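Have a look at the structure below, then the notes.
The values are calculated or read from the model by the stated rules, or taken from the named source; none is laboratory data. Note that the structure is a prediction, hence the values are computed from the model and not measured. When we count neighbours, we look across all protein chains shown, and the Cβ atoms used for this are built from the backbone with ideal geometry, even at glycine.
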Amino acid sequence: MALEAVGSSLVSDGQQNTATLHQPANPVQKVNLLGMSRAELEKFFEDLGEKKFRAGQVMKWIHQYFVTDFAEMTNISGKLRDKLVQICEIKAPEVVHRNYSKDGTRKWVFRVGEGKGSLVETVLIPAEDKTGSRKTLCISSQVGCALDCSFCSTGKQGFQRDLTPAEIIGQLWMANFSYMEDVPVAERERSVTNVVMMGMGEPLLNYDAVLSSMRIMLDDFAYGMSKRRVTLSTSGVVPKIDQLAQDIDVALAISLHAPNDELRNELVPINKKYPLEQLITACQRYIAKDGNESARKHVTIEYVMLDGVNDQPEHAQQLLKLLKNLPSKINLIPFNPFPHAPYGRSSRNRIIAFQKTLSDAGFVCTIRQTRGDDIDAACGQLVGQVADRTRRAAQWQKKIAEKNEIIRSKG
């Protein structure tokens, strides 16, 4: 009997398969330094027998000069660099697609995990404001999403897994690096000015990895971002909002989208577990943790405008009543339809009238400008090229088709 694949346990003529004996040992899994906080890096270097100040040096090379080759870290001894090459790596998620819009918006599709892995998307939106040029990066925290909000395309692919800190901060690393691939190392500087944890997934359901990533964003040895320019957006995981208040000071945004429990139960199903009264009270507690230089001056309320669903005058009045005791800014978001979406976008006139009602009552209320439509980068379109690994999308499309058939038959 002939021997076949290497590693087979088959024997021939009573002899042991020598191929098995001579298989190479599995390569050592290198430690990815990209997603490690300063505290984690300090412990890592101390465990290597090095001084912990090496952590700050390496963080600067990674996150301020966007260097992935240890040989370029010139203020570190050659001996330590050689050691790091053997046991470490600096590895961002693989870019499998990138597209730059004519309006300046940029989108990346990243592969995460081993083999074919999974795909997540990240969007950068440039703008001008009173402080000058602003580049806001919308970062994903999960592959897919478990919350299944009825108007969100991402939720229709179901939940696959959480992202690691390296996969989260790697999105910010790559966005910055995209502006300086051809810039000499000594001249590189951070380009992204704002981060919103508002991409695929519910950030508070991947709490530890998101918290670690935001700490790297705020660290002066890394991105040194202002806490007012790092925003976490949640659909309303109330206990985690309270935990966030204890652990870090960043801006908070709420994906509200409805001014009453009955409608929000339909649009944002997590409302059935944490209804509006609990959510608003949690937001008030979050602001109460304020400090002199805190980002917690107000909560941003995100409200997607769905034609005939949540955009009527009575909805505006209900929203005023709901938010009367919560310092907040309101961001009205024109809905971006996607295939089989059961909703349409509110008319421009309806959105403006809704805004006027809120503004006249004293709220700061803005209408989000739709950006990146030509590259499927607008809010609600992040499903993009992501492969659906669950049955949710198929079941949802079947439900919409059946609903449309009933409407046609009645017509």
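Here is how the numbers come out for the structure above:
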| read-out | value |
| --- | --- |
| Selection within the range 230-248 - in contact with a helix residue (DSSP H, G or I) (Cβ under 9 Å, 6 or more places away or on another chain) and assigned to a helix (DSSP H, G or I) | Val238, Pro239, Lys240, Ile241, Asp242, Gln243, Leu244, Ala245, Asp247 |
| Of residues in the range 108-140 being over 16 Å from Ser191 (Cβ atoms) and touching a helix residue (DSSP H, G or I) at 6+ places or on another chain (Cβ under 9 Å), the one surrounded by the fewest Cβ atoms within 10 Å (Cβ to Cβ) | Gly113 |
| Residue check, Ala127 farther than 16 Å from Ile168 by Cα and in the same structural domain as Ala166 (by TED's automatic domain parsing) | yes |
| Matching entry among Asp162, Asp148, Asp129, Asp182 (being in contact with a Phe, Trp or Tyr (Cβ under 9 Å, 6 or more places away or on another chain) and either farther than 30 Å from Leu306 by Cα or of a type in the set (D, E, K, R) (or both)) | Asp148 |
| Qualifying residue in the range 215-222 (condition: of a type in the set (Val, Ile, Thr), touching a residue at least 40 places away in the same chain (Cβ under 8 Å) and surrounded by fewer than 23 Cβ atoms within 10 Å (Cβ to Cβ)) | no |
| Of residues in the range 99-119 being small (Gly, Ala, Ser) and in contact with a strand residue (DSSP E or B) (Cβ under 7 Å, 6 or more places away or on another chain), the one farthest from Gln29 (Cα to Cα) | Gly104 |
| Enumeration of residues in the range 288-309 that are of a type in the set (Val, Ile, Thr) and either modelled with pLDDT under 95 or touching a helix residue (DSSP H, G or I) at 6+ places or on another chain (Cβ under 9 Å) (or both) | Val299, Ile301, Val304, Val309 |
| Residue match in the range 184-199 (condition: in contact with a Pro (Cβ under 7 Å, 6 or more places away or on another chain) and not aromatic (Phe, Trp, Tyr)) | yes |
| Test for Ser212: is it among the hydroxyl-bearing types (Ser, Thr, Tyr) and not in a helix (DSSP H, G or I) | no |
| Identity of the residue in the range 182-195, part of a loop (DSSP other than H, G, I, E, B) and over 23 Å from the mean Cα position of the chain (by Cα), that ends up surrounded by the fewest Cβ atoms within 10 Å (Cβ to Cβ) | Asp182 |
| Residues being of a type in the set (A, V, I, L, M) and not in a helix (DSSP H, G or I) - total across the range 66-122 | 11 |
